[in-house]
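The values are calculated or read from the model by the stated rules, or taken from the named source; none is laboratory data. It should be emphasised that the depicted structure is a prediction, and the values quoted were computed from it without experimental measurement. Positions of Cβ are generated from backbone atoms using ideal geometry, with glycine treated the same way; all protein chains shown enter the neighbour counts.
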Amino acid sequence: MKKVLAMETMRGLWREGLSSAFRTALACTIVRCVSLYAPPSITTLISFPAFSYVTAILLIANHATFGDALRGCCLALYATLHTIGPAIFTLWLLGPGRLSKVGTAVAVAVAAFVVVLPWPHSAAHLLDKRLALGQIVLVYVVAYDNGVHTDPFMHPLRLAASTALGALACVLALLLPYPRFACSQMNEIYKLLTKNMLKRLKLLIKVISEEDKANAIGFISQAKCLVTNRTKLLSLITLYQEGVQWEIIPFKIFRSHCLSQIERLQEIDNNLRGMELAFTCTNSFTINILNQNLKHGLNNLEEHISLTIKQPKQGLTVPESNAKDLTLFLQSLQTIPTTHQELPIFFLLFCTQLLHKKPFTLAPTSAQDNNKNENSHWGKQKWADSIAKLRNTNFIPAIKFSLSLGLTVFMGLVYSKENGLWAGLPVAVSYVSGREATFRAANVKAQGTVLGTVYGVLGSFVFERFLPLRFLSLLPWFIFTSFLQRSQMYGPVGSISAVIGAVLILGRKNYGPSSEFAIARIVETFIGLSCSIFVDLILGPKRASTCAKMELSQCLATLGESIGLLSPFTGESDLEEKLRRLKMQVNELKKFVVEAEVEPNFWFVPFNSVCYNKVLGSLSRMVELLWFGERGLKFLHQEFQRCGAYEKEGVKMLNAKVEHVRELIGSSIKNLEEICRMKGDEKNEKACDVESGKSRCMVLGLGEDGIEERIGCFLEQCRSVVDKLDGDESEVKSQVVLSLSALGLCLFSCIRGTIEIEEAIIEIVQ
């Protein structure tokens, strides 16, 4: 199984790499042919072929499709309109030849600040800002270099024409020799994801039906390999979704069909993920507690779900009579499990039920009324929201980047007036909206630039007299960099730097010796990167490790709030919104941890990546389980409200048991949050108190016996509640059993996860 998956993955990587290399080469070839062999009326207008190459590479990078190219053209037009107009006015106002080094740097800094500033209701894209910043550097630095020979009107227009050439080349490259549509790519991913889900579903059913524990463990191992492949496919779906939105008529019908198919598969995948989580919730997973009736019913349900996955047009449901037959075997589950070791199998059956039916939902009566009220006040609140957002806008990142780019341009011009733009251009086109791993980013940019430049010089030397062959030598470089962008060492930033470094040399004609240009460009690039690092350290010396600690405390705060909303008495709570927010925070924490792992320590304490990864694993698992717990709580609230069980003593006692566990976990998480926010000796002292058991309400001192006791009390009260539902239908009663079991496993895993987080945090702070 592993060898087959590895071969399929390798073939997919080669196909993607060759396709990306071919499209990039075709786009650069189009730019080259137009810039070198077009009529003089066109070549004089395209006086910035270097930026045409940069535009094409930026637009076509990272699995680009025709939809991405259309979006890129619109973004390039948007950037040009917002950059060229002010540039024409500024150059006309100042007059040719009146720009100085300081004046050029100031003009670049001010224009960059306007572009980078997050305006309210702005739809600006990161790519749009990169293109705009690149245009700003070129238009002012080249104007200063040309002096009195600068035409205030035609100079910016020539830059706009060069940008348009790069965007048009990107569109043509994704249409020839056959179109690369995002819808087609999504359809391929849909097929691969379908196969992946069918294999995972079959393996999971085998695990819970297998009598031999060794074989069951082998099936679990195979399923883990498939989960890794599934993660890559889901990331590709996210990558292509935006391109699909841009592929409009005549592909509108196909687009909506494609998106709806992916949506259905993602819904099924979420529930499959729940089944997989069941095997990670306990160290001793109980096998063989299913009778033959349950095993036979699971096999029938597996066949039905497999058909549903293969034929999505039929939907996720079947006629009601057949649907009841498919889930009839679950009605034999009329009793709550006696120990927490049995909870995972009931949780797995709960997820199996969700696979067959859509998640439980409540009647959206109040939501519709709220929408009406919101629509009536929308017009009045729009202006007030815009003003409030402008007041709350963080100007520091915009100021920091504008100063960085201004200083970069100034120092580049001080070193060389003719090549000064190569200091600011790499900084401009690699702009990121959020916080960047400064040293790592600068490192991969520098290495990529040197690699590409050296390859370009070698290519120019070998094919010095054969201009067409010199440019064709870029093809193996495109293939190499297409794989380079998937590497953990360089990534997209380093690969783009490597591509641009080679293209700018091999795409030149009559510009002097390539070696001299290569040395000048490498030096200017290092000047630009050094200036950006300097400004970042002076104005915002916030390390990734510090950001990880702050983000961890926010994750714990949101986790505590989410667990506080777990209650059978809670109806339409904001638990789902809290979990969505918590998932975003956990993803942000993961980014900081990855960044901190490669961040140089200097004189700081080394980053404890092992412990942070343990915390990340526990947090991710708790978020996923809480999501399923919320699904079960929705049904319990709906059913208890229907039968009037809220007035009964048993349900009140059940809620008291849940509240006791919630308070235990919540107070512990609150303590951990305070530890993460503390500094120095206070944190170490608090951690020692936690470790010695002096701190109150910490779950670390519970031990296995304490956990079993609390979950056992919860399960005992659940049995009391279920026993009093004898008058209800067996189907409803089985759903109550499964929902309470899912809630029980959620609480058990939250206690276990909190203990794991406590242990990791104690090790971190000590």
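Summary table
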read-out: Identity of the residue in the stretch 465-486, within 16 Å of Ser497 (Cα to Cα) and of a type in the set (Ser, Thr, Tyr), that ends up surrounded by the fewest Cβ atoms within 10 Å (Cβ to Cβ); value: Ser482
read-out: Qualifying position, being over 41 Å from the mean Cα position of the chain (by Cα) and of a type outside the set (A, V, I, L, M, F, W, C), among Gly97, Gly67, Gly72; value: Gly97
read-out: All helices (runs of 4 or more DSSP H) inside the stretch 100-216 with 2 or more residues being farther than 30 Å from Val34 by Cα, of a type in the set (D, E, K, R) and free of Cβ contacts under 8 Å to residues at least 12 places away in the same chain; value: 182-209
read-out: Qualifying positions in the stretch 13-36 - closer than 19 Å to Phe480 by Cβ and of a type in the set (A, V, I, L, M); value: Leu13, Leu18, Ala21, Ala25, Leu26, Ala27
read-out: Residue count for the stretch 80-99, restricted to those that are surrounded by 12 or more Cβ atoms within 10 Å (Cβ to Cβ) and either in contact with an Asp or Glu (Cβ under 6 Å, 6 or more places away or on another chain) or not in a helix (DSSP H, G or I) (or both); value: 4
read-out: Residue among Glu731, Glu673, Glu759 that alone is in a helix (DSSP H, G or I), surrounded by fewer than 19 Cβ atoms within 10 Å (Cβ to Cβ) and modelled with pLDDT of 70 or more; value: Glu759
read-out: Qualifying helices (runs of 4 or more DSSP H) (wholly inside the stretch 443-556; at least 1 residues being touching a residue at least 40 places away in the same chain (Cβ under 8 Å) and under 29 Å from the mean Cα position of the chain (by Cα)); value: 474-484, 491-506, 514-539
read-out: Matching residues, the stretch 565-601, being in a helix (DSSP H, G or I), modelled with pLDDT under 85 and under 22 Å from Lys670 (Cα atoms); value: Leu575, Glu576
read-out: Tally of residues being in a helix (DSSP H, G or I) and in contact (Cβ under 8 Å) with a residue 60 or more places away in the chain across the stretch 23-58; value: 23
read-out: Residues of the stretch 518-542 that turn out to be buried (at least 17 other Cβ atoms within 10 Å of the Cβ) and more than 20 Å from Gly448 (Cα to Cα), as a count; value: 2
read-out: Selection count, the stretch 177-219, where residues are charged (D, E, K, R) and surrounded by 21 or more Cβ atoms within 10 Å (Cβ to Cβ); value: 2
read-out: Conditions (1) farther than 24 Å from Leu559 by Cα; (2) at pLDDT below 80; number of the one not met by Gly693; value: (1)
read-out: Any chance Val658 is at pLDDT below 80 and either assigned to a helix (DSSP H, G or I) or hydrophobic (A, V, I, L, M, F, W, C) (or both); value: no
read-out: The lone exception for Asn146 - which of (1) surrounded by fewer than 18 Cβ atoms within 10 Å (Cβ to Cβ); (2) in contact with a Leu (Cβ under 8 Å, 6 or more places away or on another chain); (3) farther than 30 Å from Gly297 by Cα; (4) of a type outside the set (Phe, Trp, Tyr) it fails; value: (2)
